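Q: There's a structure below that I have some questions on.
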Amino acid sequence: MPKVQPITTNFSAGEQSPRLRGRVDLEKYNASAKELLNCVVFKQGGATIRPPTRFIGEVKTSADTARIIPFVFSRTDAYLLELGDGYMRVWKNGVAIESSPGVPYEVTTPYTDDELEDIDYSQGADTMLAAHSENPVQSIKRFADDRWVVGDAAFLPGAVAEVGDRGTMTMTIDNVAVGAGRTITAGASFFLAADVGRRITWGGGVALITAVGGATTATATVETAFGDLVANGSTIPASADPVWLLEGSPQTTCTPSAASPLGAACTLTLTAAGWRTDAVGSIVDINGGLVRVTAYTSSTVISGVIVKVLSGTTGAPADAWTYRKPAWNAQDGYPKAVTFYQQRTWLANTRRYPQTQWGSMSGLFFDFTPGVEDDSAVYKTMDSDEINPIEFMSSGNNLISLTLGGEWETRGGIEKPVTQTNANIKERTGWGCDRVRPEKIGSELMFIEAGGQVMRAIAPSEVDGFTSRDVSVFSEHLFRAGVKSMAFEQSPESVLWIATTDGKLVAMTYNAEQNQVSPCSGDVGGEVEWVANLPEGTYLLVKRTIDGDVKRYIEFLDWGDWRASQEVRNAHDCYLELTGAASATWAGFDHLEGETVSVLADDIYMGEQVVTGGEITLPRTATKVSAGLPYVARIKQEAPEVGTGTGTSQAQAISVHSTYVRFHKTIGARLNGTDIQFRQFDVDMTLDQPLEPFTGLKSMTDLGWAQGEAEMVLEQTQPYPWTVLAIIRNVTVNAG
């Protein structure tokens with residue numbers, strides 16, 4: 001019957017998955033817990049109560065979806081952007097910016113509430129670019145606290161491609177089967193003489209135009225049957241999605257009026273009618289140069305500006321020049337991913353070009369003029385066996401692109417930046433990325449694997465560019481519901497805050513240098529929908545049910561004066577702390593109307609009360625009151641693994657004679673449901689004074705026998721500081 005004294009010296013492995021309860025052979029077994037509820041693990045290994053959430057304010061319309069996004073211009077000028085259905089509001093230092101007293105400052109945006117979740121963004125200085133597949137890239141520009149401009153990014157030009165011409169009217173084919181001599185009729189004027197030799201595509205069908213009879217009729221050879229048109233004479237409606245497409249460039253000779261210099265005016269004349277009225281903003285690639293179209297004159301004449309010198313003014317025959325129109329448009333889609341890398345804006349993934357990434361001209365963040373010079377824009381498409389849309393891009397040592405099927409790296413030449421001629425794109429790992437915005441931690445990139453239940457870390461590698469490893473495997477149960485949002489808080493404890501799809505809040509302390517991954521479960525009493533980090537700390541968007549009504553609150557994870565005190569105070573959620581003249585009645589808690597709250601009065605716990613009419617009433621007067629939704633911090637320990645003469649202590653009768661807990665700056669705790677005494681009485685002690693935090697060992701004895709489990713539960717049930725550094729148990733094992 002061996003007697004031993006096992007010690008848990010740290011919790012750096014975090015909350016252990018139930019699947020690992022039998023893995024007593026793992027080193028992490030003795031550095032983990034069965035449960036770490038509402039805890040944060042220090043980088044040094046101890047565990048403290050999670051910081052409470054402080055109430056900041058309610059979103060514009062609580063019944064509707066909203067989102068929060070960080071905007072950091074500097075450490076002193078950092079903002080929280082509240083995005084909702086068609087609007088943006090601005091918060092600074094936990095206060096809503098106002099356009100006039102009592103009126104929140106607000107800017108119109110193109111985003112509906114259904115689109116908010118899929119917005120990607122990247123910021124450079126005082127301008128943020130926001131990307132969404134259904135909207136032009138938006139520029140969010142700050143001029144002052146109460147002066148912001150949101151609008152379509154002024155690309156000049158944006159990315160261009162030989163996208164062809166879209167028909168926005170009905171189209172009828174008299175015979176949809178493969179064969180020549182088919183008559184195509186447009187519902188409005190569309191066809192031009194230079195369309196002969198171009199192809200019409202829709203729904204898998206392809207037809208080569210062989211003659212144009214007029215503005216509304218053409219003769220064609222159907223090369224691939226239009227299977228989606230059930231019968232001959234069927235009509236493609238004007239509202240079809242997508243609408244039908246006339247592929248390629250006008251099939252006629254194009255003659256430029258000038259070849260140089262840069263910036264010079266140039267007229268482009270076609271031998272046969274081929275220009276359409278939407279030509280402005282396009283690029284014509286002719287005679288080795290580029291002309292950006294600025295004006296439409298007629299179906300044979302357009303004019304523009306030379307942006308790359310031409311070799312001459314000789315007319316270029318059909319197929320010797322290219323007509324490139326904007327690649328980002330309502331029919332082909334807009335970029336879904338955005339980042340900044342090597343003095344370029346990078347955008348990627350439209351409906352038509354899901355595997356293409358575009359980099360702006362070097363140093364010109366809104367200019368995507370193509371070319372082969374080192375400073376030209378970069379147009380590159382991933383070479384893959386299957387379609388892998390780019391979900392996100394991130395800049396680091398190299399440009400990382402996260403796709404649905406794998407993780408790709410774009411790099412230039414040896415110690416050279418990426419250019420159009422040297423860009424090398426390779427797939428490094430093949431896990432795939434879920435639609436959750438990744439987060440940087442040091443030199444690593446954290447992302448959610450396709451499927452939404454695994455978190456991976458991308459780390460640089462001199463050999464392979466980067467590697468990827470599963471950092472959630474030992475705590476997979478915390479990610480099982482899926483992840484919606486995450487934000488890294490570097491100080492004070494290097495925590496990645498993770499909002500799961502079921503509304504929980506996971507606190508994962510991460511320190512790659514020490515190989516530390518310490519996830520803890522969390523519950524704020526509502527559904528955490530979004531997290532965002534600013535220099536002052538981390539904000540949450542929480543959906544709560546208050547007095548029967550749905551409320552969406554912006555709340556702040558409040559470490560308090562952590563750097564000075566190393567204590568988490570006011571440990572109740574959605575709390576407010578008020579000060580004033582001595583009073584027993586305190587108003588100002590309307591945001592928690594009808595809810596049961598825990599109360600601190602002059603830093604003394606006064607129990608729980610129900611907020612009525614926005615007020616709480618104390619049993620005595622106080623000059624400072626803090627009240628919020630109560631929560632419990634809990635450490636639940638597995639049975640200790642103790643070697644016996646016959647083998648393991650698992651499944652054996654175990655007696656825990658006594659338990660010692662090493663606390664640090666703690667007020668109050670419970671062990672297996674019994675309060676641990678902290679108050680020491682002496683002649684100078686008065687009961688109406690707050691307790692001083694305790695540091696040292698506390699013990700409880702005679703915890704009894706258990707068969708194989710000997711579970712230990714340590715809790716903080718009051719809104720006081722609570723930090724556990726080590727747990728020592730005196731154990732007897734009755735082997736056999």
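The values are calculated or read from the model by the stated rules, or taken from the named source; none is laboratory data. A quick note: this is a predicted structure, and the numbers were derived from the prediction, not measured. So basically every Cβ, Gly included, is an ideal-geometry build from the backbone, and we count neighbours across all protein chains shown. Just the protein is used for accessible areas: all its heavy atoms, side chains included, with ligands, DNA and RNA removed. Shrake-Rupley method; radii C 1.70, N 1.55, O 1.52, S 1.80 Å.
Q: Under the rule a/c < 1.5 gives rounded, and otherwise a/b versus b/c splits prolate from oblate, where does the chain land using the Cα gyration tensor?
A: Prolate, since a/c reaches 1.5 and a/b exceeds b/c.
Q: Would you mind classifying the range 435-509 by shape? Square roots of the alpha carbon gyration tensor eigenvalues, ordered a ≥ b ≥ c; an a/c under 1.5 is rounded, otherwise it is prolate if a/b is larger than b/c and oblate if not.
A: Oblate shape, in that a/c is at least 1.5 and b/c is the bigger or equal ratio.
Q: Could you give the distance between the Cα centres of the range 210-284 and the range 299-321, to the whole Å?
A: 17
Q: Determine the sum of side-chain charges near residue 637: Lys and Arg each +1, Asp and Glu each -1, restricted to other residues whose C-beta is under 10 angstrom from that of residue 637.
A: 0
Q: Residue by residue, what Karplus-based ³J(HN,Hα) values in Hz, rounded to whole numbers, does the range 408-421 have, using 6.51, -1.76 and 1.60 with θ = phi - 60° and x for Gly and Pro?
A: Result, rounded to whole Hz: 10, 10, 10, 9, x, x, 4, 6, 10, x, 6, 10, 4, 8.
Q: Before I look further, what does the chain give for accessible area per residue, probe 1.4 Å, in whole square angstrom?
A: 40
Q: Once each part is reduced to its C-alpha centroid, what is the distance from the range 559-615 to the range 526-549 in angstrom?
A: Each part's Cα centre sits 18 Å from the other's.
Q: So, with +1 on the Cβ of K and R and -1 on the Cβ of D and E, and no other charges, what is the size of the charge dipole of the chain about its Cα centre, to the nearest 20 debye? The partial results should precede the final answer.
A: On the way: 59 positive and 88 negative charges, 210 e Å.
In debye, rounded to 20, the chain gives about 1000.
Q: Hey, another quick one. How much of the accessible area of the range 64-176, probe 1.4 Å, is carbon plus sulfur, in whole percent? Could you put the intermediate results ahead of the total?
A: Numbers: 2110 of 4470 Å².
In the range 64-176, the share of accessible area belonging to carbon and sulfur is 47 percent.
Q: May I pose another question? To the nearest 20 debye, what is the magnitude of the charge dipole of the range 90-171 about its Cα centre, counting +1 on the Cβ of each Lys and Arg and -1 on the Cβ of each Asp and Glu? It would help to have the intermediate numbers written out before the result.
A: Numbers: 5 positive and 15 negative charges, 80 e Å.
I would put it at about 380 debye.
Q: Distance cut-off 28 Å, Cα to Cα: go down the list 484/665; 3/698; 325/484; 3/34; 380/504; 3/43 and report the pairs above it.
A: Beyond 28 Å between Cα atoms: 484/665; 325/484; 380/504; 3/43.
Q: Related question: Heavy atoms of the protein only, probe of 1.4 Å, neighbouring chains included. What is the accessible area of residue 300 in Å², nearest 10?
A: Ignoring ligands and nucleic acids, residue 300 comes out at about 40 Å².
Q: If you don't mind, there's one more thing I want to ask. Cut-off under 22 Å on the C-alpha distance; same-chain residues fewer than 8 positions from residue 92 excluded. Which lysines are left, in chain and number order?
A: Residue 92 reaches 60, 141, 543, 551.
Q: Considering the dipole of the chain built from charges on the beta carbon (Lys and Arg +1, Asp and Glu -1) around the Cα centre, which of 72, 500, 366 is farthest to its positive end?
A: So the residue furthest toward the plus end is 366.
Q: Per-residue counts of other Cβ atoms within 10 Å, averaged by peptide: what ranking do you get for 475-488, 577-590, highest first?
A: Top of the packing list down: 475-488, 577-590.
Q: I'd like to know which of 135, 110, 88 lies farthest towards the positive end of the charge dipole of the range 83-139, counting +1 on Cβ of Lys and Arg and -1 on Cβ of Asp and Glu.
A: Final value for the positive-end residue is 88.
Q: Just for the Cα atoms in the range 1-158, what are the lengths along the principal axes, largest first, rounded to whole Å?
A: 78, 39, 33
Q: If a/c stays under 1.5 just call it rounded; otherwise compare a/b with b/c (prolate if a/b is bigger, oblate if not). Do that for the range 371-468, with a ≥ b ≥ c from the square roots of the Cα gyration tensor eigenvalues.
A: Working: a/c = 2.10, a/b = 1.52, b/c = 1.38.
Prolate is the answer for the range 371-468, as a/c is 1.5 or above and a/b outweighs b/c.
Q: Taking a spot 7 Å from the Cα of residue 112 along the direction of its beta carbon, which residues of the range 120-145 have an amide N less than 19 Å from it?
A: Counting only backbone N, you get 120, 131-138.
Q: For every other residue with a beta carbon closer than 15 angstrom to the beta carbon of residue 355, add +1 if it is Lys or Arg and -1 if Asp or Glu, then tell me the sum. Intermediate values should be presented prior to the final figure.
A: Values: positive: 336, 351, 352, 380, 426; negative: 332, 383, 385, 386, 391, 407, 409, 427.
Within the 15 Å Cβ shell, the charges total -3.
Q: Still on this structure: Can you list the equivalent-ellipsoid semi-axes of the range 137-231, largest first and in whole Å, using the square root of 5 times each Cα gyration tensor eigenvalue?
A: 41, 14, 12
Q: Helix-only mean residue ellipticity at 222 nm, the chain, DSSP H runs n ≥ 4 weighted -39,500 (n - 2.57), per residue, nearest 500. What is it?
A: Working: 1 runs with 4 residues, N = 736.
About 0 deg cm²/dmol.
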